[in-house]
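The values are calculated or read from the model by the stated rules, or taken from the named source; none is laboratory data. Remember, it's a predicted structure, so these values are computed and weren't measured experimentally. All Cβ positions, even for glycine, are placed from backbone atoms using ideal geometry, and neighbour counts span all protein chains on display.
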Amino acid sequence: MILVKKFLVFSTTALAAVIVLAGCSTGADENMPGMDHSTSATSSSPAATTVVEHNSADTMFAQMMIPHHEQAVEMSDIMLAKSGMDPKIETLAQDIKAAQGPEIQKMTDWLTGWSEPATMTGNHGMDGMMSDADLDKLTAAQGTEASKLFLTQMIAHHEGAVKMAQTEVTDGKNADAVALAQTIVSSQESEIKDMQDLLADL
């Protein structure tokens with residue numbers, strides 16, 4: 001009888017332990033999906049942060065380069081509206097529009113994504129920008145005079161853009177903005193050399 005009682009007590013205790021363990025196992029399983037989801041969300045957060053990571057230099061670069069590019073496109077349109085232009089000048093104007101138009105859109109999208117205003121606050125000078133009087137002279141000029149004026153103005157304009165882009169390369173934080181600045185430096189320095197050669201031949 002004593003052995004039977006001991007056996008029953010042991011069996012009851014073992015059964016209770018199994019039930020408790022089963023309950024813990026079920027609870028852990030139920031929590032796993034939630035745990036996995038939390039881990040996934042945490043791991044994706046840095047990537048989302050990286051997309052909008054930027055500093056004041058990135059913001060100023062985009063805010064200043066957009067109107068700078070817009071004026072280069074305007075100057076190119078002025079030349080393309082003229083008749084009898086040197087084909088090399090026409091090609092240059094078309095290339096400037098083709099390159100800078102998409103860059104304007106790209107920088108505008110960045111500012112939107114960064115929750116930054118599209119225009120600057122305060123008065124910041126932009127190197128190489130033409131005055132209204134400069135643009136009026138370009139509009140009025142014809143023939144070789146127009147080509148010379150366009151090249152002279154655009155060389156100065158490009159030099160200003162290169163200077164601003166070099167500042168972004170040094171001070172910028174956003175990888176995409178710095179990469180665009182590097183592209184602007186290399187492409188516009190090359191165009192400056194081409195324009196200097198064209199100007200020498202006129």
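Looking at this structure, is Asp127 within 19 Å of Ile184 (Cβ to Cβ) and modelled with pLDDT under 95?
In short, yes.
Quick check on region 152-202: of everything there that is under 16 Å from Gln100 (Cβ atoms) and polar (S, T, N, Q), which residue is farthest from the chain's Cα centre (by Cα)?
Only one residue fits best here, namely Gln153.
I'd like the full set of residues that are outside any loop (DSSP other than H, G, I, E, B), of a type outside the set (A, V, I, L, M) and touching a residue at least 60 places away in the same chain (Cβ under 8 Å), limited to region 112-153.
Gly113, Thr139, Ser147, Phe150, Gln153
Restricting region 58-102 to residues that are among the acidic types (Asp, Glu) and over 16 Å from Phe150 (Cβ atoms), which is surrounded by the fewest Cβ atoms within 10 Å (Cβ to Cβ)?
So, considering only residues that are among the acidic types (Asp, Glu) and over 16 Å from Phe150 (Cβ atoms), the one surrounded by the fewest Cβ atoms within 10 Å (Cβ to Cβ) is Glu70.
Please give the number of the condition Ala161 fails out of (1) surrounded by fewer than 15 Cβ atoms within 10 Å (Cβ to Cβ); (2) modelled with pLDDT of 95 or more; (3) under 15 Å from Pro67 (Cα atoms); (4) not basic (Lys, Arg).
The number of the failed condition is (1).
For region 133-140, state whether one or more residues are β-branched (Val, Ile, Thr) and more than 21 Å from the chain's Cα centre (by Cα).
yes
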